[in-house]
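Notes to accompany the following structure.
Please treat every number below as a calculation from the coordinates, not as lab data. Here the structure is a predicted model, which means the values were calculated and not measured. In this analysis, Cβ positions are derived from the backbone assuming ideal geometry, glycine residues included, and neighbour counts consider all displayed protein chains.
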Amino acid sequence: MALGLGLFIMHDLKLKSAPAINFLKPTIVGVIFCATLAASAQSTRPGWGATPYHDSNGTGVTFRVWAPHATNVYLPGNFNGYNITAGGATKLIQETTNGTPDGIWSLDVAGVTNYSQYKFYFNGYLWKQDPRARMVTQAGSGGNSVVYDPNAFNQPGIK
């Protein structure tokens, strides 16, 4: 569980007469404490889209998407009630290369299982299927993406 403490600053707008010039005066309006279930760091695991992992640190899914023009990326799914609000949302972290954001967003989400459904939610208004999803509930852009672990497939008679 990642814990965060944020300080929010609001700017008061002051107008002066002739010529009209806007001055901003910062005012501290509150402190917010929040907790999320996902790790608050980019993933170090490989893979694009939804890549299930099973290792000594546990099981879950690494989610990764390339969105160079996004300012934020959330991961609503049936594992978090399709939540996109700050209190319970799963937010992906923008990866960096040599300290510079590279447009790749990722996160390891523990406990997500095979056949979980999800979408990406960009910039507070755009819902999209995962372009790298191995399975979807509906062709086109209307359905959800589905986590699919090809290693979990057990075809009878083949070992």
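Stokes-Einstein diffusion for the range 38-109 at 4 °C, viscosity 1.567 mPa s, with a Kirkwood radius from C-alpha pairs, works out to 102 µm²/s. With a simple spin-label model that places each label point 7 Å from the Cα along the Cα-to-Cβ direction, the separation between residue 83 and residue 137 comes to 1.9 nm. Relative to the Cα centre, the charge distribution of the range 43-159, modelled as +1 at Lys and Arg Cβ and -1 at Asp and Glu Cβ, gives a dipole magnitude of about 220 debye. Taking other residues whose beta carbon is less than 12 angstrom from the beta carbon of residue 109, and scoring Lys, Arg as +1 and Asp, Glu as -1, yields +2.
Once the Cβ-Cβ distance of residue 100 and residue 123 is raised to the sixth power relative to R0 = 22 Å, the FRET efficiency obtained is 0.60.
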